[in-house]
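J.: One structure, as structure tokens, below. Some questions next.
The values are calculated or read from the model by the stated rules, or taken from the named source; none is laboratory data. If you're wondering where the values come from, they're calculated on a predicted model, not measured in any experiment. Note that we place each Cβ from the backbone using ideal geometry, even for glycine, and neighbour counts take in every protein chain shown. The protein model used for the area step is the full one, side chains on, heavy atoms only, and it has no ligands, DNA or RNA in it. Shrake-Rupley method; radii C 1.70, N 1.55, O 1.52, S 1.80 Å.
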Amino acid sequence: MIGTETLMARALRYALDKNEVAPETYRTWPTNLQLQLQELVIETADDMRYHQLKYFRPFEHQLRFFETGASERRGILAANRIGKTVSTCYETACHLTGQYPSWWTGYRFNKPITCMVAGEGWSQVALVLQNELLGTQDVKITDNLGTGVIPRDCIVVDTMRNDGANCIGVEIRHVSGSNSYLLFANYTQEVRQLQGFKLNLAVFDEQPPDDFFSEIVTRTATTQGKVLCSFTPLKGLNGLVSKFWNKEEGYEFIRVSWDDCPEYDP
């Protein structure tokens with residue numbers, strides 16, 4: 001969930017850009033004009049809170065990642081805190097809802113999908129993936145649902161299966177009128193628990209164990225599904241990293257360092 005101060009700053013920047021007003025110009029406006037714009041900012045912030053998907057503005061390296069959509073298995077191998085998880089979660093939300101922005105040049109699904117997102121443990125999945133996608137680390141706090149990248153009105157709350165604070169699965173409304181299905185998993189689960197179902201999309205946050213990765217990728221075989229990976233390669237050139245690094249058939253990745261990230265002062 002985004003804090004109010006950050007949300008208002010983003011809404012102000014959005015309103016200024018939409019009206020082609022430079023921040024330096026805004027500071028010189030008389031008070032009455034600033035107050036008029038602030039009304040628009042408040043309305044935008046209210047809408048932005050539960051509809052982050054339509055307000056997302058990608059960095060150049062995120063666009064480069066989205067443009068690799070033709071490949072079956074795609075990775076963003078990057079330093080920490082440069083938006084790699086944001087990238088995969090944003091794309092996941094687009095596929096689940098069918099709500100693609102006008103600038104989208106990546107892969108598109110033309111129907112609702114079944115998607116699994118996975119991370120290193122349930123606490124990490126809730127802290128990162130669940131929070132980024134649904135807007136909350138604890139799904140029992142329903143006021144926060146929808147403050148993530150999946151819009152609030154797309155989350156079919158009555159279909160949610162959860163284990164305490166953790167979401168296990170939930171249906172997501174798709175523009176077609178039917179529903180996609182979002183599943184959460186973690187790398188500590190036994191592989192045999194992950195057998196017997198089909199996936200259109202698998203998303204890995206941080207490097208998965210090889211047996212877990214292989215089992216989940218198998219779930220995408222009969223659907224010609226896609227695989228997204230985002231991680232910092234801390235374990236050397238082994239397993240999945242070597243497949244990307246050696247550019248094995250079907251594998252494509254982008255590398256991102258701190259030097260690739262623009263400085264931004266809100």
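J.: Placing +1 on the Cβ of each Lys and Arg and -1 on the Cβ of each Asp and Glu in segment 19-142, which of Tyr100, Ile82, Ile113 has its Cα farthest towards the positive end of the resulting dipole?
T.: Farthest along the dipole direction, towards plus: Ile113.
J.: Evaluate the distance, in nm, between pseudo-label points positioned 7 Å from the Cα of Glu5 and of Thr218 along their respective Cα→Cβ axes.
T.: Here the modelled spin labels are 5.0 nm apart.
J.: Okay, moving on. Length gain on complete extension for the stretch Leu33 to Asp210, per 0.36 nm per residue less the alpha carbon to alpha carbon distance?
T.: That works out to 57.9 nm of additional length.
J.: Still on this model: In debye to the nearest 20, how big a dipole does the chain give about its Cα centre with +1 on each Lys and Arg Cβ and -1 on each Asp and Glu Cβ? Display every interim value, and only then the final one.
T.: Numbers: 26 positive and 33 negative charges, 115 e Å.
The dipole magnitude comes to about 560 debye.
J.: Moving on. Only Cα pairs under 8 Å and at least 6 apart count here; give the relative contact order of segment 1-80 as a rounded whole percent.
T.: Details: 28 pairs, mean separation 25.1, N = 80.
Relative contact order for segment 1-80 comes out at 31 percent.
J.: So what's the back-of-envelope 222 nm ellipticity for the chain, counting only DSSP H runs of four-plus at -39500 (n - 2.57) apiece and dividing by all residues, rounded to 500? Display every interim value, and only then the final one.
T.: On the way: 8 runs with 81 residues, N = 266.
When only DSSP H runs of four or more count, the value is -9000 deg cm²/dmol.
J.: Quick one: Karplus J couplings for segment 104-112, per residue in order, coefficients 6.51, -1.76, 1.60, θ = phi - 60°, nearest Hz, x for Gly and Pro?
T.: 5, 10, x, 5, 10, 8, 9, 7, x
J.: Okay, moving on. Roughly how many Å² is the accessible area per residue of the chain, as a whole number, for a 1.4 Å probe?
T.: 51
J.: In nanometres, what is the gap between the two model label sites at Trp104 and Val21, each 7 Å from Cα along Cα-to-Cβ?
T.: The modelled label-to-label distance comes out at 3.2 nm.
J.: For segment 1-50, with equal point scatterers placed on the C-alpha atoms only and solvent neglected, what are the log10 I(q)/I(0) values from the Debye formula at q = 0.29, 0.32 1/Å, to two decimals?
T.: Each listed q maps to, in turn, -1.14, -1.26.
J.: Of the DSSP beta bridges with both residues in the chain, give the percent that are antiparallel, rounding to the nearest 5.
T.: 30
J.: Lysine pairs, Cα distance under 22 Å, 8 or more residues apart or cross-chain: how many in the chain?
T.: So the count works out to 14.
J.: Could you tell me which residue out of Gly250, Cys261, Leu240 lies farthest along the dipole of the chain toward its positive end? Charges go on the beta carbon: Lys and Arg +1, Asp and Glu -1, centred on the Cα centre.
T.: With unit charges placed on the Cβ atoms, the residue in question is Gly250.
J.: Using a 1.4 Å probe on the protein heavy atoms only, what accessible surface does Val125 show? Give it in Å² to the nearest 10.
T.: 0
J.: Between Trp245 and Ala70, what is 0.36 nm times their sequence separation minus the Cα-Cα distance? Round to one decimal in nm. Present the calculation step by step, with values, prior to reporting the outcome.
T.: Numbers: separation 175, 0.36 × 175 = 63.00 nm, distance 1.78 nm.
Result for the pair: 61.2 nm of gain on full extension.
J.: Let me ask something additional. Per residue of segment 46-55, in order, report the coupling 6.51 cos²θ - 1.76 cosθ + 1.60 (Karplus, θ = phi - 60°) as ³J(HN,Hα) in whole Hz, putting x for Gly and Pro.
T.: Once θ is set to phi - 60°, the couplings for segment 46-55 become 4, 6, 5, 4, 10, 9, 4, 4, 7, 9 Hz.
J.: Under the definition of Cα pairs under 8 Å and six or more residues apart, what whole-number percent is the relative contact order of segment 76-134?
T.: Working: 30 pairs, mean separation 19.2, N = 59.
Computed value for segment 76-134: 33 percent relative contact order.
J.: So what's the angle, to the nearest 10 degrees on a 0 to 90 scale, between helix 4-18 and the longest Cα principal axis of the chain?
T.: 70
J.: Separate question: Quick one: 3J(HN,Hα) in Hz for segment 199-214, Karplus 6.51/-1.76/1.60 with θ = phi - 60°, rounded, Gly and Pro as x.
T.: Working through the residues one at a time gives 10, 8, 8, 10, 10, 10, 10, 6, 5, x, x, 4, 5, 5, 4, 4 Hz.
J.: While we're on this one: Give, rounded to the nearest 20 debye, the magnitude of the charge dipole that segment 48-163 has about its Cα centre when Lys and Arg contribute +1 at Cβ and Asp and Glu contribute -1 at Cβ.
T.: Roughly 280 debye, rounded to the nearest 20.
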